[in-house]
Amino acid sequence: MKFLTLLAIILLVPLSAQAQGFTPVPKEMANQYFSNCVQSSAKTEQRFSPQAQQMLCACTAARLTQFFSVEDMQTMANTSDPNARIAFNKMLINIYAPCMKEPMREYHYAQCISNPQTGRLTNNPQKMCACAADQLGIQMEVYGSQMFEKILSQNPTIEDPMGAVYSDPEFQTLAQKKALECLK
């Protein structure tokens, strides 16, 4: 009996989601998003390597099919819609944040290695910065959504997600903690 109840719930959830205007993003649309993301990022994003940017685009495209709807995408694209920002913030939390592992790793490594204080902490800044950057990348993958929820609750109109995370005082404390742990 429990099995039949569980099966009924599993079968009804997708139907009720579609009835409420939730059309899953099809793979073709996600693939188009990926292509657009890679092309536009190559022109505008200079903080990450092309490889990291491609990884971010691939991850976000894959997550679109799971955590976003066609209606969300349409709302987000219509900047005159008062709900456009809500849809964008939903994308930041559910799609973008968990995919920031590699871009965060690269960005933090560059910040760490260029910081003059790093050389005073260790004889091997490359090793320490790589260790801390790897740890922060993992933190973004696991806790990025929670970080973004907090940041967006304080400033729901951020324009630069990476800048917002990186300038967050709690994130800076975490970055320092990870760097100190990597000295050991």
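The values are calculated or read from the model by the stated rules, or taken from the named source; none is laboratory data. Since the model is a prediction, treat every value here as computed from it, not as a measurement. Using ideal geometry, Cβ is built from the backbone for each residue, glycine included, and neighbour counts are taken over all protein chains shown. The area values use the complete protein model at the heavy-atom level, side chains included, leaving out ligands, DNA and RNA. Shrake-Rupley method; radii C 1.70, N 1.55, O 1.52, S 1.80 Å.
Here is a check on your reading of the model: is SER80 open to solvent by 70 Å² or more (accessible area, probe 1.4 Å), among the hydroxyl-bearing types (Ser, Thr, Tyr) and out of contact with any strand residue (DSSP E or B) (no Cβ under 6 Å at 6 or more places or on another chain)?
Working: open to solvent by 70 Å² or more (accessible area, probe 1.4 Å): yes; among the hydroxyl-bearing types (Ser, Thr, Tyr): yes; out of contact with any strand residue (DSSP E or B) (no Cβ under 6 Å at 6 or more places or on another chain): yes.
Judged against the criteria, SER80 is a match.
Any idea how many residues of the stretch 23-77 are part of a helix (DSSP H, G or I), touching an Asp or Glu at 6+ places or on another chain (Cβ under 8 Å) and open to solvent by less than 50 Å² (accessible area, probe 1.4 Å)?
Result for the stretch 23-77: 4.
Please work out if ASP160 is within 15 Å of the chain's Cα centre (by Cα) and open to solvent by 40 Å² or more (accessible area, probe 1.4 Å). Can you show your working first?
Numbers: within 15 Å of the chain's Cα centre (by Cα): yes; open to solvent by 40 Å² or more (accessible area, probe 1.4 Å): yes.
It is true that ASP160 is within 15 Å of the chain's Cα centre (by Cα) and open to solvent by 40 Å² or more (accessible area, probe 1.4 Å).
Does ILE138 meet the test of being modelled with pLDDT of 95 or more, of a type in the set (Val, Ile, Thr) and in contact with a Phe, Trp or Tyr (Cβ under 8 Å, 6 or more places away or on another chain)? Steps first, answer last, please.
Details: modelled with pLDDT of 95 or more: yes; of a type in the set (Val, Ile, Thr): yes; in contact with a Phe, Trp or Tyr (Cβ under 8 Å, 6 or more places away or on another chain): no.
Judged against the criteria, ILE138 is not a match.
Does TYR109 satisfy the condition of being open to solvent by 50 Å² or more (accessible area, probe 1.4 Å), of a type outside the set (A, V, I, L, M) and closer than 30 Å to GLU181 by Cβ? Lay out the reasoning, then the answer.
Numbers: open to solvent by 50 Å² or more (accessible area, probe 1.4 Å): yes; of a type outside the set (A, V, I, L, M): yes; closer than 30 Å to GLU181 by Cβ: yes.
So TYR109 passes the test.
Six or more apart or on different chains, Cβ under 6 Å: which pairs go from a residue in the stretch 118-131 that's closer than 19 Å to LYS177 by Cβ to one that's assigned to a loop (DSSP other than H, G, I, E, B)? Could you list them?
Final answer for the pair search is MET128/THR122.
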